[in-house]
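The values are calculated or read from the model by the stated rules, or taken from the named source; none is laboratory data. Values in this document were obtained by computation on a predicted structure and should not be read as measured data. Here the Cβ is made from the backbone with ideal geometry for all residues, glycine too, and neighbour counts use every protein chain on show. The accessibility values were calculated without ligands, DNA or RNA, using every heavy atom of the protein model including side chains. Shrake-Rupley method; radii C 1.70, N 1.55, O 1.52, S 1.80 Å.
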Amino acid sequence: MAAQTYFHLHSLRCLPVPLKIQNPQNQTHRFKRNPVVCKLRVAVIGGGPAGSSAAEALATGGIETFLFERSPATAKPCGGAIPLCMLDEFSIPLNLIDRRVSQMRIVSPSNLVVDFGKTLKPHEFIAMLRREVLDSFLRQRAESSGANLLKALVTNLVVPTSSLEPYVIHYTMDNCQHQLAVDAIIGADGANSRVAKSIKAGNYTTAIAFQERIKLPEDKMGYYENLAEMYVGNDVSPDFYAWVFPKCDHVAVGTGTVCSKSNIKSFQHAIRARAKSKIEGGKVIKVEAHPIPEHPRPVRVRGRVALVGDAAGYVTKCSGEGIYFAAKSGRICGEAIVKASEGGDSMINEDDLKREYLRKWDDKYFTTFKFLDVLQKVFYGNNAAREALVELCGDEYVQRMTFDSYLYKKLASGNRWEDAKMAMNTISSLVRCNIMGREVEASAQKILSRV
């Protein structure tokens, strides 16, 4: 922890709210000197699960906190599934849950259907929420904890050349230009992070997720009461899966891809075709698309700036899950700053953030991310491998291990004998489905040649 005095940095500001000046074209926040050294001031840019969780942790820990969110009324396109452990860990009210999914079906390229949820206990389920509802709740809770919520668009970030100088945030609020000087920044502003660009954090590969919200007739909505569906195949995505997830009064139908983004609408057309009998007669009420990171950025901490959530690249391969990891990374980062600054009374530096945030994050989740990366490479490469994946999902041991790991966010401890059997079944499925997969693809080519 850096022990140097930071009076020069804090002399720029000590008021928690802006004071407007007369020129509306270039308004700036003015701050009057405080006779005592101010508390550490941190800006969190981005008000999704990552940013709101970070802001709540900071404000609760005594840090003067500013949470920037440019569009509180909107939310990132998202399947909206969260694991059971997140409800308790983040005190998510049960009334926010749209659907409690206790049944899942996964459909192979040849339309083999496997029910994937036979091992769930009576109290276990996957919670389905709308992001606009969850995000709003988390922001309000951060604000109630003492964070200053600014409905503003950050337009520029001036990085200091000295450890004794502040970061200066330029932003637009109520059609006026403002500036804010802060000691540290948490970038939670998504895959196209302005904060990441400002600190030269490097690029990463992104997927595109495309989703339509479809309001179904009442009888067809009943089919999805507690059921979610996943479809795999080259027709719906060459490197991911497509989904039909239930919401409060509609379903979210979507797909994603990394390697063939220009064809995303074709893949969306394919998932609608494969689920046609169950969603026919529905009305599209919203169309959404958004980039999704595929791996962590090369740099996640630089100076007194840390990246969390999608800005850091915390979305898992294979499942595409990001909500829990966004909220968790934000909380870990916020708590790290509170600890390193001794409750806001001391300056922090890059080593503090790497030690208290990055090391803890990587120790806890590095293995999980790598494991899911390997699974995606093995099972999403072609239709033969996808057939093997669906076949394996019919095994109850595979289901129990999968759900235990997903619902409770830790790699489940298995039985050595069962693990060995699972490995052998995996190999035999891949071998068997490789033959079947070639036959399926050959048939598909014949059909296409006749069209």
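Odds and ends about this structure:
- For residue 63, the criteria (1) farther than 26 Å from residue 39 by Cβ; (2) surrounded by 20 or more Cβ atoms within 10 Å (Cβ to Cβ); (3) not charged (D, E, K, R) hold in every case but one, which is (1).
- A count restricted to the stretch 38-59 and to residues that are touching a helix residue (DSSP H, G or I) at 6+ places or on another chain (Cβ under 8 Å) and surrounded by fewer than 24 Cβ atoms within 10 Å (Cβ to Cβ) stands at 1.
- Just one of the listed residues (256, 334) is in contact with a strand residue (DSSP E or B) (Cβ under 9 Å, 6 or more places away or on another chain), modelled with pLDDT under 95 and closer than 30 Å to residue 408 by Cα, and it is 256.
- Close pairs from the stretch 314-335: first more than 17 Å from residue 87 (Cα to Cα), partner among the β-branched types (Val, Ile, Thr) and open to solvent by 10 Å² or more (accessible area, probe 1.4 Å), Cβ under 6 Å, at least 6 apart: 315/292
- Residues within the stretch 371-420 that are at pLDDT 85 or above and of a type in the set (Lys, Arg), tallied: 2
- Screening the stretch 143-261 for strands (runs of 3 or more DSSP E) wholly inside it with 2 or more residues that are in contact (Cβ under 8 Å) with a residue 40 or more places away in the chain and outside the structural domain of residue 317 (by the TED database) returns the ranges 206-215, 227-233, 237-246, 251-257.
- Residues (free of Cβ contacts under 8 Å to residues at least 60 places away in the same chain and within 15 Å of residue 131 (Cα to Cα)) located in the stretch 72-115: 73, 74, 87, 92, 93, 94, 95, 96, 97
- Whenever a residue of the stretch 288-312 is at pLDDT below 95 and aliphatic (A, V, I, L, M), its partners that are assigned to a strand (DSSP E or B) and open to solvent by 40 Å² or more (accessible area, probe 1.4 Å), lying with C-beta atoms within less than 8 angstrom and at least six residues away or across chains, give the pairs 289/208; 292/208.
- Those residues of the stretch 264-321 which are loosely packed, with under 15 Cβ neighbours inside 10 Å and hydroxyl-bearing (Ser, Thr, Tyr), in sequence order: 266, 277
- Residue under evaluation residue 333, criteria (1) assigned to a helix (DSSP H, G or I); (2) among the hydrophobic types (A, V, I, L, M, F, W, C); (3) surrounded by fewer than 19 Cβ atoms within 10 Å (Cβ to Cβ), criterion not met: (3)
- Residues of the stretch 112-121 include at least one that is open to solvent by 20 Å² or more (accessible area, probe 1.4 Å) and either aromatic (Phe, Trp, Tyr) or assigned by the TED database to the domain that holds residue 244 (or both).
- From the list 139, 131, the lone residue that is over 30 Å from residue 239 (Cβ atoms) and buried (at least 18 other Cβ atoms within 10 Å of the Cβ) is 139.
- Residue in the stretch 311-321 that is in a helix (DSSP H, G or I) and not aliphatic (A, V, I, L, M) present: no
- Residues of the stretch 216-226 satisfying the condition of being open to solvent by 90 Å² or more (accessible area, probe 1.4 Å) and either touching a Cys at 6+ places or on another chain (Cβ under 8 Å) or more than 14 Å from residue 99 (Cβ to Cβ) (or both): 218, 219
- The set of residues from the stretch 82-121 being aromatic (Phe, Trp, Tyr) and at pLDDT 95 or above comprises just one member, 90.
- Exclusive hit being of a type outside the set (Ser, Thr, Tyr), part of a helix (DSSP H, G or I) and over 20 Å from residue 320 (Cβ atoms), set 59, 73: 59
- Being among the hydroxyl-bearing types (Ser, Thr, Tyr) and in contact with a strand residue (DSSP E or B) (Cβ under 8 Å, 6 or more places away or on another chain) is a property that holds for residue 241.
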